[in-house]
1. Normalised by the number of residues in chain A, what is the relative contact order in percent for Cα pairs under 8 Å and 6+ residues apart?
2. Rounded, prolate or oblate: which fits region A:5-122 when a ≥ b ≥ c are the square roots of the eigenvalues of the alpha-carbon gyration tensor, with rounded for a/c under 1.5 and prolate only if a/b beats b/c?
3. Charges on Cβ only, +1 for Lys and Arg, -1 for Asp and Glu, centred on the Cα centroid of the protein assembly as shown; of A:Leu81, B:Phe54, B:Phe176, which one is farthest towards the dipole's positive end?
4. Could you work out the helix-only [θ] at 222 nm for chain A, with each DSSP H run of four or more residues adding -39,500 (n - 2.57) and the total divided by the number of residues, to the nearest 500 deg cm²/dmol?
5. Provide, for chain B, the number of lysine pairs with alpha carbons under 26 Å apart, each pair being eight or more places apart or on different chains.
6. List the DSSP H helices in chain B whose Cα atoms stretch 18 Å or more along the helix axis and whose mean Kyte-Doolittle hydropathy is at least -0.5.
7. With 10 angstrom as the radius, rank B:Met136, B:Met41 by how many other C-beta atoms surround their C-beta, starting from the fewest.
8. To the nearest 0.05, what FRET efficiency results for A:Glu110 and B:Phe54 with a Förster distance of 25 Å applied to their C-beta separation?
Amino acid sequence: MTAWKVLLIDDEEEFVTTLAERLQIRGLNPIAATDGETGLNLTMKESFDAIILDVMMPGLGGLEVLERIKAFNSNIPVIMLTGHGRPEDGPRGLQLGAFAYLIKPFDIDELIQKIREAATRSGSGNRHDAI
Amino acid sequence: MTQFRQTEIAFFGRITAGVTHELKNVLAIVNESSGLMQDLMTLSKEAPAYHDRFLKALTSIKGQVQRGQNLIARLNQFAHAPDIAVRSIDLFETAGLVIALSQRFAALKKVTLKVVPPPPSEQRAQATLNLVQFQMALFTAIECWLSLAAPGNELNLHISRKENTCALLLVNEGYFPAGSDPAGNLAAAEKWPLLQNISASLGGSVEIDVPKPGILLVLPITPK
């Protein structure tokens with residue numbers, strides 16, 4: 001059984017590595033990137049079942065990364081992470097094609113549920129039954 | 001309000017909103033780190049001696065993260081108030097935010113503060129006004145009452161709409177000793193003149209509702 005491969009893109013290194021470890025404990029295969037450019041390059045080189053993307057990042061921001069991902073492959077489900085910096089960012093992400101958005105800090109079960117829904121919609125939902 | 005004053009307030013709001021975003025990230029890291037500790041404790045086969053104590057402490061951390069999250073969400077919403085000077089607002093929602101942000105001040109005086117739930121017909125009461133000034137008026141009215149309130153008093157905010165105005169009545173449901181003059185004391189409160197100025201700036205008025213006793217703010221629902 002293949003674990004869902006999930007790309008995490010967030011400039012808060014401590015956050016992204018800890019979240020990756022927690023997802024790994026739950027049987028997923030997370031890959032962490034700490035800036036938009038690295039995340040975008042990984043998206044173009046490898047395939048992912050879902051992408052978890054922070055909105056506010058220095059350099060290439062989350063919404064810009066989302067637009068580029070969607071232009072490259074519109075089928076990859078992207079779950080946006082927002083703070084409360086700009087309340088309109090979450091809905092804006094949905095307009096640009098994001099699958100869902102979560103407000104930090106969130107419950108990991110809520111994230112797993114979104115990943116499950118995203119992977120099911122993209123057709124990779126049956127590949128994994130560990131969580 | 002002058003253009004420069006408006007710019008100053010907007011600057012304050014922008015900085016505060018930026019900081020709240022950073023605080024969100026702090027909470028997110030605390031949340032994930034405590035979650036990871038909980039995951040590892042749950043997975044541990046050796047059942048360490050402090051297992052239960054650790055899990056209790058982690059539950060406490062989670063609770064505080066939630067508390068911090070609520071506070072930051074309110075602070076962020078407040079910080080965004082100056083983004084657009086005059087806007088359409090939901091009166092109950094906005095009053096609820098001001099009441100929530102004022103709870104700390106009320107708690108210091110051992111006073112209970114709440115918005116009386118609106119009747120179903122008024123649940124979406126809207127008004128177009130200067131949001132910062134509206135929030136300030138409501139907070140100043142609360143301050144006026146708090147300067148006089150005794151421990152155990154209950155301040156209730158009633159909101160209603162009548163044609164082209166909205167009325168906000170902040171009533172002290174507490175007990176007043178015989179011979180005391182709460183209405184007269186309110187009018188003599190240090191912040192009362194400020195409350196009158198803000199109300200006038202919003203195109204409305206403020207008066208003391210004697211029989212309750214309460215502070216009655218009457219504001220137009222569209223700018224004059």
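1. Working: 228 pairs, mean separation 32.8, N = 131.
It rounds to 25 percent for chain A.
2. It is rounded, given that a/c, with a ≥ b ≥ c, falls under 1.5.
3. B:Phe176
4. For chain A, the value works out to -13000 deg cm²/dmol.
5. Here the count comes out as 15.
6. Values: long enough: B:3-43 (60 Å, 0.23); B:51-79 (41 Å, -0.41); B:91-108 (26 Å, 1.29); B:131-146 (22 Å, 1.35).
Length and hydropathy pass: B:3-43, B:51-79, B:91-108, B:131-146.
7. Ranked by crowding around the Cβ, least crowded first: B:Met41, B:Met136.
8. That gives a FRET efficiency of 0.60.
Every number in this text was worked out from the coordinates using simple rules, so none of it is lab data. These numbers come from a predicted model, not from an experiment. Here the Cβ is made from the backbone with ideal geometry for all residues, glycine too, and neighbour counts use every protein chain on show.
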